[in-house]
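Q: Before we start, here is the structure in question, set down as structure tokens.
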Amino acid sequence: MMEQKTNMENIFDKLGDLKSFFIYGQKLIPILQKIIDFMQSTVPLLENVNREIQDSTSKIPKAALQINRVTNATEVATTEILDVVDGVSMDIHSMKDKLQSIKSRMGEDDDLVTLLGMIEKIETRMMNITISLQVQDITSQQLSSVNHLIQSIQEKLSSLVKDLTNKENKEIPSIDLYPRDGTFNADARYDKNSKSQELVDSLVTKRNNSKTSQEEIDKLFANQ
Amino acid sequence: MALKFLIVDDSVTMRRIVANSLKTIGHELFVEASDGKEAMVKLNSDEEINFVITDWNMPEVSGLELVRTIRANEKYVALPILMVTTRGLKEDIVEALQAKVNNYIVKPFTPQILKEKIEQIISSAA
């Protein structure tokens, strides 16, 4: 009799637990419904994000190509300017020779001296144009650095697209589209101040003054 | 003895500017290469080359690798090498000097600096 009572008590306890579970479940249902609603509203958003990523990824090679075109166009234009500079420099050189020859025949003449002085100024200016055209090489290295960054962004986005869609990006960019490591200097600057050159000169002097073994030269620079 | 330069740079513009600068300071003899690999071919096939002016950042074989390759060959141990590059950081300069470049110019450069460095190298070799 005692044992039967205990069993009944156990059943009632279990029923009580079950009741509590149902009450808890009733409370949980609206929360679960809210989660489902949220998921349903999020799916189109995620699909949209996925589409945008795929779209952006497909546009990246075009941006890189455009940057390469800028580099090529500036190189062509710089070569054209250098052709003109060479032509003018040759003309100036022959003018200078002719004026020198007139000067040697006629002797000192103020106008001739003035003209020769002007020609020398033009020569210096032509050389300054040539020096300034080094900016093309420096900016092309900066653009290569940007293309290198674009490449790493494209690789990350392609990997993200692959994870989201389980599909490989079919648009494989040309090998020549992106610059390889080491072919450019990301820190290239068009800076005419001579600080870097002064640093070079001091280090070269230091090296040249220590006419020692390579091991000692390495030691000399070990803490630089 | 006239100097015959090997100008090594992947930039057409820079090769032209270096060549023009050499002409301005009175040097007319030069050959060109667009990377370190081509430079080695030219150097090995032209006995008259007696001065190398090289950039650092180039495809195939970089300027620094070119310097190391040249210096590793006993025949070229004393060959003057001038590096002309955009790399102006201390660690870069030190690395180039350790690789045994004779001198170093940071771009942008002037023909005067080029002349000064060439003369320094030639006078210290004499």
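The values are calculated or read from the model by the stated rules, or taken from the named source; none is laboratory data. Quick caveat: nothing in here was measured; it's all calculated off a predicted structure. Positions of Cβ are generated from backbone atoms using ideal geometry, with glycine treated the same way; all protein chains shown enter the neighbour counts. What goes into the accessible areas is simple: the full protein's heavy atoms, side chains included, and nothing from ligands, DNA or RNA. Shrake-Rupley method; radii C 1.70, N 1.55, O 1.52, S 1.80 Å.
Q: Please work out which residue is farthest from the other protein chains (Cβ to nearest Cβ), limiting yourself to the range B:1-60 and to residues that are in contact with a Ser or Thr (Cβ under 8 Å, 6 or more places away or on another chain) and of a type in the set (Gly, Ala, Ser).
A: Among residues in the range B:1-60 that are in contact with a Ser or Thr (Cβ under 8 Å, 6 or more places away or on another chain) and of a type in the set (Gly, Ala, Ser), the one farthest from the other protein chains (Cβ to nearest Cβ) is B:ALA39.
Q: Let me ask you something else. Tally up the residues in the range B:65-85 that are within 12 Å of another protein chain (Cβ to nearest Cβ), without any contact (Cβ under 8 Å) to a residue 40 or more places away in the chain and open to solvent by less than 10 Å² (accessible area, probe 1.4 Å), please.
A: Selection size over the range B:65-85: 3.
Q: Here's a follow-up. Of everything in the range A:25-37, what is modelled with pLDDT of 85 or more and of a type outside the set (S, T, N, Q)? Give them in sequence order.
A: Scanning the range A:25-37 gives A:LYS27, A:LEU28, A:ILE29, A:PRO30, A:ILE31, A:LEU32, A:LYS34, A:ILE35, A:ILE36, A:ASP37.
Q: A further question on this structure: If you check every pair at least six apart or on different chains, which have Cβ atoms under 6 Å apart with a residue in the range A:92-110 that is under 17 Å from A:MET126 (Cβ atoms) and free of Cβ contacts under 8 Å to residues at least 60 places away in the same chain first and a residue that is in a helix (DSSP H, G or I) and β-branched (Val, Ile, Thr) second?
A: Here the result reads A:ILE92/A:ILE119; A:ILE92/A:ILE122; A:LYS96/A:ILE119, each pair linking the range A:92-110 to a residue that is in a helix (DSSP H, G or I) and β-branched (Val, Ile, Thr).
Q: Residues being more than 10 Å from every other protein chain (Cβ to nearest Cβ) and surrounded by 14 or more Cβ atoms within 10 Å (Cβ to Cβ): count how many of those fall in the range A:114-138.
A: Of the residues in that region, 5 qualify.
Q: Just to be sure I understand, how many residues within the range B:90-104 are outside any helix (DSSP H, G or I) and facing chain A (nearest Cβ under 7 Å)?
A: Taking the range B:90-104 as the starting set, the residues that turn out to be outside any helix (DSSP H, G or I) are B:99-104.
Retained after the next criterion (residues that are facing chain A (nearest Cβ under 7 Å)): B:103-104.
Number of matching residues: 2.
Q: Could you list, in sequence order, all residues of the range A:179-209 that are outside any helix (DSSP H, G or I), of a type outside the set (Ser, Thr, Tyr) and open to solvent by less than 60 Å² (accessible area, probe 1.4 Å)?
A: A:PRO179, A:GLY182, A:PHE184, A:ASN185, A:ALA186, A:ALA188
Q: Among the residues of the range B:26-43 satisfying the criterion of being over 11 Å from the mean Cα position of the chain (by Cα) and under 19 Å from B:LEU64 (Cβ atoms), which is most open to solvent (accessible area, probe 1.4 Å)?
A: B:LYS37
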